[in-house]
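Here the structure comes first, spelled out in structure tokens, and everything after it is commentary.
Where a number appears in this text, it was derived from the coordinates with a stated rule and is not lab data. Source: prediction; values computed, not measured. Quick reminder, even Gly has a Cβ in these numbers, built from the backbone with ideal geometry, and neighbours come from all protein chains shown.
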């Protein structure tokens, strides 16, 4: 999995398969196979679609996290309001 993340990072940086292979100290065919696996996983036909798909997932994950934070904040506010009402009574 680490290798896939490294390859993805290299793709985001615009490196070629040859450059990635040199950094990983492996063959270009190995990098190509890993890259094709990433394309399949993200349902991408090329590097551009891959990058768009990854960033789309990142944005979606951020929306989910933000929603969870908002829910937790709402719960916390309600708890504080309840405690304040009890202390005033």
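Tabulated results
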quantity	calculated
Full-extension gain in nm, residue 52 to residue 78, via 0.36 nm per residue minus C-alpha separation	5.5 nm
Inter-probe distance in nm under a simple model that places probes 7 Å from Cα toward Cβ, at residue 25 and residue 2	1.3
Residue order, fewest to most beta carbons within 10 Å, for 24, 84	84, 24
Relative contact order for the chain, counting Cα pairs under 8 Å that sit 6 or more residues apart, in percent	17
Listed candidates (i) 14, 27, 20, 15, 11, 7, 4, 2, 0; (ii) 15, 32, 17, 12, 11, 9, 4, 0; (iii) 16, 52, 27, 4, 0 - label of the one calculated as P(r) over Cα pairs in 10 Å bins from 0, in percent	(ii)
Which of 54, 31 has the fewest Cβ neighbours within 10 Å, and the rest in rising order	54, 31
Angle in degrees between helix 47-88 and the longest Cα principal axis of the chain, rounded to the nearest 10	10
Modelled FRET efficiency - R0 25 Å, residue 87 with residue 64, Cβ distances, 0.05 increments	0.10
Neighbour-count ranking [beta-carbon atoms within 10 angstrom, fewest first] of 82, 87	87, 82
Estimated 222 nm signal from helices in the chain, with DSSP H stretches of n ≥ 4 weighted -39500 (n - 2.57), rounded to 500	-28500 deg cm²/dmol
